[in-house]
Amino acid sequence: MTSPPPPPHPLPGRAPADGAPGREESGHEKPDRAESGRTEPGRAGPPGPEAPSRGGAADRRERTLWGAVRHSGGRAAAITLCSVAAALAALAEPAVLGRSLDLLLAGSAEAPRWVALCAALIAAEVALDALVALLTGTTNARSTAWLRHRALGRVLAASPHHAAARFAPGDLATRLTANATEAGTVPATAAGALATVLPPLGGLVALLLIDVWTAAAFLAGAPLLVLLLRAFARTSSGTVSRYQRVQSGMADRLVEALAGARTVAAAGTAAREQRRVLAALPELAAEGRTMWLVYGRAVARSGVLMPLLVSVVLAVGGVRLAAGAMGVGDLVAASRYAALAAGVGSVAAALGGLVRGRAAARRTGELLALPAVPHGPEALPAGGTGTLELRGVTVVRDGAAVLDGVDLRVPGGATVAVVGRSGAGKSLLAAVAGRLLDPDEGHVLLDGVRLDRVGPGELRREVGYAFSRPALFGTTVGAAIAFGADRAPAYAVRSAARAAGADTFVVRLPDGYDTPLADAPLSGGELQRLGLARAFAHAGRLLVLDDAMSGLDTVTQRQVERALARDVRPGTRLVVAHRLSSAVRADLVVWLEGGRVRAVGPHRTLWRNPAYRAVFAAPEAPTGAEPAPADTAEAHPGTAEAGTTGAADAGTGTAAARPGAADAGTGTAAARTGSAEAHTAEAAPTGTVEALKGSTDAGTGTADAGTGTAAACPAGAEDTPAARTGGAVARTGTERA
C-alpha cells in the first residue's frame, strides 16, 4: 500500500503589520467579528443568502469538480489512456512470464521470443507510468490554477463587504491555497481511477482462468477487503473535513496576529497571542492523529490480509501443482495475479485522495457562492458634472438598518462633507455612493443614470476613491500611483503626486518614482498622500475621499485641498470628514445621525445647532462650557470681545485682530500688512469662538490658530465682508459670549 500525501498545512497570505498597508478599505466601518455576520471557519452562517443550504453546498462542490475536470479534459483523457495501458501491461506480464518459464523449462525454441515480449511489456509499463506521473503533475497544476483563478475572481468581483463578512482573511487564504491544491488533484485522481481498479479485477479474472480453486481461495477473503475499503472511506471523510476546518481557524488567527504585530509588541502580549493562535493546536493534532490512525489501520489490516491471501493462493496452487492440474508457469502467474487482486492499497490511496479532494472542493466552491456585483450596459452622459443622487437608500446589517431611507442630492461640481459621530454610517454612505456596496433598498444615480446599470469599466473610470489606509499595488512608487482601471501616463502621475503633496518626498527616494515599493520607507501620512495621488491621477466626475487625509497635518491638508480644487479634474467631491476644517471648507455638509440624514446645508448654517457643534466636540469638556473642537482655534470658556481695535478675548484665550497679530486661545495668527480675512461672529451661546470656512491669511502665508485656522465662525450672526487688501477687518464694537 502506498503512503498518503501529508496533511495540508495552513498557508495564510502575508499580512501587513499593524498600521502598515493592508487590504483596501471595504467602504464601511470595520465591525467587530461578532457583529459582522462573519462565520467561523467550517461553521454554518446565519440563514439567508449568505448561508446556503447543505444541498446547495453539495451542488457547488460537484459543479466545481466537474468544471475542473472539463478544464483539464484533454490531459485527463490522456492520463486515463496511459494508465489503462500501463494496467493492461501489468496484467499481461504474469501470463507472459509464466509462459516464458514453461518454454524455458521445456527448452522450446520459442522461449527467446516470449522472454523478449516479457521485457517489452515491462519497459512499456515503466514508460507509461512515467508519462502518467508527468501528466498527473501538469494536470494537478492546471486544475489548481483554474480553481484559484475562478475563486479569486469571484472574491474580487463580489462586493468587498460580502467577502469580508463571510470569510476571515486566514480562512480565505487557506481556501485559495491548501484547499485549492487538494481539490486540484481530483481530475487526475479520477482519471486514473479506472486504471487503479483494473489490476485487482483483472487479477481475479486471471485467477479464475488459470484455476478455479485458486480463485475460490482468494474470494474467501474478498469480503474482508470490501469491509476494509468501506470503513476507510466512511471514517476518513469526516476527519479530513474537521482537520481542514481547524486548520483554517488557526490560519485566520495567525493573520490577525501578524496584522496587529505592533499592537501586540506595544502591549507586551506576545506570549498571550502565541497561546491564542495555537490554542486549537491540540484539536488539530487530535484530528491529524485520527486521520493517520484511520489510514494506518487500513494499512495494517491490508498488510496482514493481503500476504495471507497470497499465501493461501500459493498453498492451493501448490496442491494443484502436485496433483498435476497446474504447471510451474501457471503457479508463478497465479501468485502474481493474487498479488494484483489483493492490491487494495492502491484503491484505498486513490479513494483517500478523492475524499480529501471533495472535502477541499467544498470549501473552495463556497467562494464561488459569493454574489458577483452585476453591471449594465448603459453609459454615463458625456460632459456630466457629477450630480449624485441617493433615493431611499437603505443598508441592513444583522437585521438592523445601518443606513435608513437616505434621500440625498449633491449638485454636480460641489464639495460635500459627510459628518457624524462614529457609527453614524459615514463610510457606508461613501461606499454606496461609488458602488463599492449595493444598498439593500433604493438606488444611487450619477448624472441621472443608475450606477447598477453602468458598465464596470466606465464606472471605475468616472468614480474614484481614496481611503484612510490605502493599499499600494505595483512594483514601484510610480506604478502604485498609476494603478487603476486605465494606467495613468507618467506626466499624470507626476502632476497627481504634486497635487497630493507627495512629489516632495518621492523625488528624495533613491530612484525617485522608480523606487521599488519594498525599498520605500513610508510614514502613515506619506502613505495617505500616495493614495491621494493615485485617486487624483484617475479622478473622474465623482471623487470619494473616505477619511483620506486623517494622517496629514493641518498645513499639508490645506495645501492638498487647494491643489484638489485647482489642479485636479473638476467634479463632485464627497469627503468623509472628522475634522471641522474639512466641513468649514465644503460647499455643503451632510449631517448623519443614526443612519439617517439629519440635515444638509452650509456649515455656517448648521453651526447654529448645538447638536451639530457637539459632533466636533472633544470627548470631555469643563462643566458649563461648550466642548472645544479638536482642530479649530477656539477660545476657552469666558468672554469674547471685539473692540474698535479688533480684539476678541474669550476666557483664558484672546483672539485679537489688529495690524500686528491675532491671538486665539493657545494659538496666534499674525495679520501682517497684506490681507487678513476675518468673519464677524456673534459669540456662541456657551462662550466659544469657533472656526468657520476660510483662514486668516497673513501677508503671503496662512496661519491657523490652535491647529492651524483662526477664523471666526458665525453662531447666528451676519457675516461682514473681509478686507482683501490693506489690513485686518474686525467688527467694531464689543461682543460678549
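The values are calculated or read from the model by the stated rules, or taken from the named source; none is laboratory data. Everything numeric here is computed off the predicted structure, so don't read it as measured data. When we count neighbours, we look across all protein chains shown, and the Cβ atoms used for this are built from the backbone with ideal geometry, even at glycine.
Tabulated results
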item: Output for segment 338-348, where each listed residue is crowded, with 21+ Cβ neighbours inside 10 Å and assigned to a helix (DSSP H, G or I); result: 338, 340, 341, 344, 348
item: Residue 407 more than 21 Å from the chain's Cα centre (by Cα), acidic (Asp, Glu) and either farther than 30 Å from residue 516 by Cα or in the same structural domain as residue 521 (by TED's automatic domain parsing) (or both); result: yes
item: Only one of 83, 100 that is in a helix (DSSP H, G or I), in the same structural domain as residue 208 (by TED's automatic domain parsing), modelled with pLDDT under 90 and crowded, with 20+ Cβ neighbours inside 10 Å; result: 100
item: Near pairs, Cβ below 8 angstrom, 6+ apart or cross-chain, from segment 205-217 (of a type in the set (S, T, N, Q)) to any residue that is assigned to a helix (DSSP H, G or I); result: 214/207; 214/313; 214/316; 214/317; 214/320; 214/334; 214/338
item: Criterion: touching a strand residue (DSSP E or B) at 6+ places or on another chain (Cβ under 8 Å), in a loop (DSSP other than H, G, I, E, B), in contact (Cβ under 8 Å) with a residue 40 or more places away in the chain and not hydrophobic (A, V, I, L, M, F, W, C) - qualifying residue of 392, 384; result: 384
item: Selection count where residues are outside any helix (DSSP H, G or I) and under 15 Å from residue 307 (Cα atoms), scope segment 209-225; result: 2
item: Selection count where residues are part of a helix (DSSP H, G or I) and under 12 Å from residue 213 (Cβ atoms), scope segment 316-329; result: 6
item: Close pairs (7 angstrom Cβ cut-off, 6 or more residues apart or separate chains): in the same structural domain as residue 404 (by TED's automatic domain parsing) and buried (at least 22 other Cβ atoms within 10 Å of the Cβ) in segment 430-453, aliphatic (A, V, I, L, M) and in a loop (DSSP other than H, G, I, E, B) anywhere; result: 431/437; 446/380
item: The listed residue being assigned by TED's automatic domain parsing to the domain that holds residue 144, small (Gly, Ala, Ser), in contact with a Phe, Trp or Tyr (Cβ under 9 Å, 6 or more places away or on another chain) and over 30 Å from residue 182 (Cβ atoms), out of 325, 339, 333; result: 325
item: Verdict on residue 169 being farther than 30 Å from residue 434 by Cα, touching a helix residue (DSSP H, G or I) at 6+ places or on another chain (Cβ under 7 Å) and crowded, with 19+ Cβ neighbours inside 10 Å; result: no
item: Residue 335 vs. criteria within 30 Å of residue 98 (Cα to Cα), part of a helix (DSSP H, G or I) and either out of contact with any Ser or Thr (no Cβ under 8 Å at 6 or more places or on another chain) or of a type in the set (Phe, Trp, Tyr) (or both); result: yes
item: Residue list for segment 525-535, filter: among the charged types (D, E, K, R) and without any contact (Cβ under 8 Å) to a residue 40 or more places away in the chain; result: 526, 529
item: Pair list, Cβ under 8 Å, 6 or more apart: segment 497-524 residue more than 17 Å from residue 559 (Cα to Cα), other residue surrounded by 14 or more Cβ atoms within 10 Å (Cβ to Cβ) and among the basic types (Lys, Arg); result: 513/494
item: Unmet requirement for residue 541, which otherwise passes all of (1) in contact (Cβ under 8 Å) with a residue 24 or more places away in the chain; (2) under 18 Å from residue 475 (Cα atoms); result: (2)
item: Filtered residue count, segment 522-558, keeping only those that are part of a helix (DSSP H, G or I), in contact with a helix residue (DSSP H, G or I) (Cβ under 9 Å, 6 or more places away or on another chain) and of a type in the set (S, T, N, Q); result: 3
